[in-house]
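What follows is a short report on a single structure.
The values are calculated or read from the model by the stated rules, or taken from the named source; none is laboratory data. Quantities reported herein were computed from a predicted structural model and do not represent experimental measurements. Here the Cβ is made from the backbone with ideal geometry for all residues, glycine too, and neighbour counts use every protein chain on show.
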Amino acid sequence: MVSRVRPIHASSTLVSRQTRLASQFNGFPPEACDFFEQLARHNDRDWFHAHQDVYERACREPMKRLVAELGANPATTKLSRINRDMRFSRDKGPYRTYIAAGVHGSYLSLSSAGLYVGTGLYKPEPAVLERLRNAIDSHVSGRALQRIVTSLRRKHYHVDTHERLLSAPRGYPADHPRIELLRMKDIFAGQTFVPEAWLSTRRAIPRIRRVMDDVRPLADWLRVHVGARA
């Protein structure tokens, strides 16, 4: 009895591999950060429309591939829109000079400065801010946050706030052991990778993952004690 061996379709296997390689994240092309630098200088519709192909190819498409590489669904993950809502803004530039996405509690943002990876709570509503301060004030949860912040700073992460009070919030003593944290009106932690050659290769992936892992305790703390998704 002669056994039949199925032929191996080498061409189809090669095509499949090439398709997979073409769709994987291979870093952000060098022109991505250059694009945002130029957009900041020429933030108008004529310039953007003349360079929109660069934005799609070098910025938006690689960000979607990075989202997929990190285990999220690009179809359901919210990416920032390039168009700005100018109705309540003093800045009348019609376009954002960055592209950002939220992945598994982390925030990724590509701009002329490079790629920022971090987590945090951004300008919360008064009720959420009150929960944040209550959690900071608490002996248990407050000390846990202080340990997280101290650990991140020892690893040279930037831990800060977008706005802080000049003095203690109403109802809290000026000599509170966590007065620095209480004065914060929000909190974030992360690191900016400046544009370098490795950012345009797959070598960027383990560095991005390392930051996401390192800042996850802060994201978890905010979720548990403040009810906020970073």
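Quick notes on this one:
- Test: residue in the stretch 152-170 that is assigned to a strand (DSSP E or B), within 23 Å of Lys78 (Cα to Cα) and either in contact (Cβ under 8 Å) with a residue 12 or more places away in the chain or not β-branched (Val, Ile, Thr) (or both): no
- Residue, nearest to the chain's Cα centre (by Cα), within the stretch 103-143, restricted to residues that are surrounded by 17 or more Cβ atoms within 10 Å (Cβ to Cβ), more than 30 Å from Arg65 (Cβ to Cβ) and not basic (Lys, Arg): Pro124
- Close contacts from the stretch 195-207, counting a first residue that is closer than 16 Å to Ser111 by Cα and among the hydroxyl-bearing types (Ser, Thr, Tyr) and a second that is at pLDDT 95 or above and buried (at least 16 other Cβ atoms within 10 Å of the Cβ), with Cβ to Cβ under 8 Å and a gap of 6+ residues or different chains, come to Ser200/Asn26; Ser200/Gly27; Ser200/Phe28; Ser200/Pro29.
- Tally of residues being of a type in the set (Gly, Ala, Ser) and within 19 Å of Ala101 (Cα to Cα) across the stretch 28-63: 2
- Selection count, the stretch 178-194, where residues are of a type in the set (A, V, I, L, M) and touching a Lys or Arg at 6+ places or on another chain (Cβ under 8 Å): 2
- Residues within the stretch 187-217 that are under 15 Å from Arg154 (Cα atoms) and not in a helix (DSSP H, G or I), tallied: 3
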